[in-house]
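Beneath this line is the structure, given in structure tokens, with notes to follow.
The values are calculated or read from the model by the stated rules, or taken from the named source; none is laboratory data. From a predicted model like this one, the values you see are computed outputs, not experimental measurements. Note: ideal-geometry Cβ built from the backbone for every residue, glycine included; neighbour counts use all protein chains shown. Side chains are part of the model used for accessible areas, which takes the heavy atoms of the whole protein and leaves out ligands, DNA and RNA. Shrake-Rupley method; radii C 1.70, N 1.55, O 1.52, S 1.80 Å.
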Amino acid sequence: MRQYKPKDDVQNKSYFSDRFYITPSIPKVDVCQDKIFLDDVELLSSKVKILDKYIQKEHLVIYINPKENINAIEILKNELQYDMLIDISAIDYISSKGGFEIFYEFLSMSKHKRLRLKCFIEEKEELNSVYSLFKMANWSEREMYDMYGVKIINHPNMKRILMPNDWHDHPLRKTYPLHGDEAASWYEVDKIFGKEAREIIGPEIRDAAAIDRYDTTRFARLGHEVPYGTDITNGKEPEHTPLAYQEEGGVKLIKKFKEEESVTLKERR
């Protein structure tokens, strides 16, 4: 059971006050604390140079040279029984370290153990694809290239997977604008209709949750019998089509459904 803490004045307290606060790192445990992990490290270190190793949150974390990723992953799969590659991704450290930290998340079904293989690459350094060992790397490596710009070589189909092929920059980099760039709001309009249609159509609505209740050309109006394209801006609806939810029709449908349901129940009895 969690320790109880008084919450009488919790609303008056600042939840986050230090803008320079750095979250403490998770404690690292020596590999010697786990016999299975220790054996795995000894076998792997005999064939691949290990730069660092430790246990963190019951995961064995191993740092290697990026040029040895194929060799290391082949050993993990064929000799150490880490038969599932769960995830591949990158962490942007361009501003602080000048590159990316790449990680491979593994699971051993027979040992019930998890292992995270890590390496660091420079911003424009190439990384070998592991598609030949794990087919799931196909989409994960494409996503890593698309979102971060990590260059993967020897991949069977290395192209963007989420963004269009002619998209500029990579959205998950920390240098990417939070609201996208200027071209993003006009991309679909320019691609489909051409730049000459910008004044007619207007910029793309970037907020996926934005709904304009008076836009009768984009949104259906449930309960409001307004013809398509009718100008109802600023809430000034036409006299013959009032903006009011027509409950009468809904009530009639409910009554009809209940009557039919009661008849059906009587017939079954």
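The stretch 65-120: D in µm²/s via Stokes-Einstein (Kirkwood Rh, Cα pairs, 25 °C, 0.890 mPa s)?
On the way: Rh = 12.0 Å.
Result for D is 205 µm²/s.
In nm², what is the average projected area of the convex hull enclosing the Cα atoms of the stretch 109-150? List each step's numbers first, then the result.
On the way: hull surface 15.3 nm².
Spelled out: convex hull of the Cα atoms, projected over all directions, averaged, 3.8 nm².
Top to bottom by accessible area (1.4 Å), largest first, where do E199, E58, E126, E204 land?
Numbers: E199 180, E58 155, E126 105, E204 70 Å².
Highest to lowest solvent-accessible surface, that is E199, E58, E126, E204.
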> Given the pairs K53/K135; K47/K77; K35/K57; K97/K151; K67/K97, which are separated by over 20 angstrom at their Cα positions?
Replying inline: K53/K135
> Got a sec? What order do V29, V48 fall in by accessible area at 1.4 Å, biggest, i.e. largest, first?
Replying inline: V29, V48
> What is the log10 of I(q)/I(0) for the stretch 110-184, computed with the Debye formula using one identical point scatterer on each Cα and no solvent, at q = 0.18, 0.20 Å⁻¹?
Replying inline: -0.81, -0.94
>> Cut-off 18 Å, label point 7 angstrom out along Cα-to-Cβ of W139: give me the residues of the stretch 75-93 whose amide nitrogen falls inside.
In response: 84-90
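Taking 0.36 nm per residue of sequence separation and subtracting the Cα-Cα distance, how much length would be gained by fully extending the chain between S96 and K195, in nm to one decimal? Each step should come with its number before you reach the end.
Values: separation 99, 0.36 × 99 = 35.64 nm, distance 3.93 nm.
Once the chain is fully extended between S96 and K195, it gains 31.7 nm.
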> Roughly what % of Cα-Cα distances in the stretch 57-96 sit above 11 Å, to the whole percent?
Replying inline: 76 percent
> When the C-alpha atoms of the stretch 9-165 are aligned to their principal axes, what extent does each axis show, in angstrom, from largest down?
Replying inline: 57, 47, 27
